[in-house]
Amino acid sequence: MSHAVQDAPVRTSPRGSLSRRGLPRWAPAGFAAAAIVLGVGTGLAAGLHSRVQWGLISALLFVVISYVVTSAVENRRQARDRLATSAVWVCFLLAVVPLLSLIWTTVSRGAKVVDGYFLTHSMAGVVGFEPGGGVYHALLGTLEQVGLATAIAAPIGLLTAVYLVEYGRGALARAVTFFVDVMTGIPSIVAGLFILSIMLIAGIGPSGLMGALALTILMVPVVVRSTEEMLKLVPNELREAALALGVPKWRVILKVVLPTAIGGITTGVMLAIARVAGETAPILLLVFGSQMINANPFDGPQSSLPFYIWDQYKVGSDASYDRAWGAALVLIAFVMILNLVARGIARWKAPKTSR
């Protein structure tokens, strides 16, 4: 009899020994649906007519319902886990919803004017409050200014990061790290004022190059920090194996370290470009803007997409508002295309691994 009792199988729930009962997989979706219904009902009963308020009430109810039901059906440990998971989802949605709303508004309002004519014509001869005109001169200015800034900032940032990771020791490395940290928090207007003071001292006129120099100051610390972190992720065993074969250190960096980290480095450069592509303050100070097409970034005022958006919004007419939204859509598309290109380059240049 005792052997029969000992040999009898112990019945456990599918969720393990910590829980005798478990919620189905669709439980979070059910909690969300119930929270939305209760949130909308609570908002209407309280006289709240804003969908944002309904959403916040629903989010709070979702967290509460998840914790209470899980605690009652399962146990407190699972309830705490469900509470943390629900809070993470709520925070994610609170961050994503405004972004999606912004993108939807920009696309819906900007798509009305973005066409071939808008992309291939400037504002030359077009009165600001009248329909017509395009964004070609501003798009050209942004491409040239960001391109010049990238051509200057990327090599400087890359070499600085290589020095800090591979060679940096002592007081000089600490000083470089300190100044990079300081530059990371510099407002864009300060960078513009710095270049403007040099222009006034040297008697230099406004040009796209001056704006590119201010953007370079903003890009360098981002490139340095991102590249530094990517280089630190390269295993030291790769360096040691190459050095053990008698390869010089500079060649190890060039042929082993940089190719291994090229994906992250490219992504960091693209993040820096996205950081400065929408800057307006330095352009207002140093480039001055222009309604004409100026393909020479080294001479004369030049426009850019952020300046064009500000200038059209300042006019205050329906036509200018439409052009501003169209330019904003072009700017978003420009940054997205750069990121797609960066991912393609990173995948193409990434070291091949054998299976």
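Quick notes on this one:
- Taking θ as phi - 60° and the Karplus parameters 6.51, -1.76 and 1.60, the scalar couplings of the stretch 296-313 work out to 9, x, 9, 8, x, x, 8, 9, 7, 4, x, 5, 4, 4, 5, 5, 6, 5 Hz in sequence order, x denoting glycine and proline.
- Taken about its Cα centre, the stretch 120-349 carries a charge dipole of about 860 debye when Lys and Arg each add +1 at the Cβ and Asp and Glu each add -1 at the Cβ.
- Cα-based helix-to-principal-axis angle, 208-232 vs the chain, degrees rounded to 10: 30 degrees
- Computed from Cα atoms, the angle from the helix 136-162 axis to the main principal axis of the chain rounds to 70 degrees.
- For the stretch 156-279, average projected area of the Cα convex hull in nm²: 9.0 nm²
- Cα-based helix-to-principal-axis angle, 76-110 vs the chain, degrees rounded to 10: 30 degrees
- Here's the picture: charge each Lys and Arg Cβ at +1 and each Asp and Glu Cβ at -1 in the stretch 120-349, and of 141, 287, 185 the one pushed furthest to the positive end of that dipole is 185.
- One Cα centroid belongs to the stretch 120-140, the other to the stretch 93-117; the line between them spans 21 Å.
- Averaging the Cα positions of each part gives two centres, and for the stretch 142-157 and the stretch 170-215 these lie 14 Å apart.
- Rounded to the nearest 20 debye, dipole of the stretch 216-337 from Cβ charges on Lys, Arg, Asp, Glu: 460 debye
- Pairwise centroid distance, computed over Cα atoms, of the stretch 53-69 with the stretch 290-334, Å: 43 Å
- Positive-end extreme of charge dipole, the chain - chosen from 244, 265, 313 (charges on Cβ): 244
- Net charge contributed by nearby residues that have their C-beta within less than 14 Å of residue 250 (K/R +1, D/E -1): +3
- Measuring r between the beta carbons of residue 50 and residue 194 and using R0 = 51 Å, the FRET efficiency lands at 0.70.
Computed from the coordinates by the stated procedures, all read-outs in this text should not be read as laboratory data. Keep in mind that this is a model prediction, so the values were computed, not measured. Quick reminder, even Gly has a Cβ in these numbers, built from the backbone with ideal geometry, and neighbours come from all protein chains shown.
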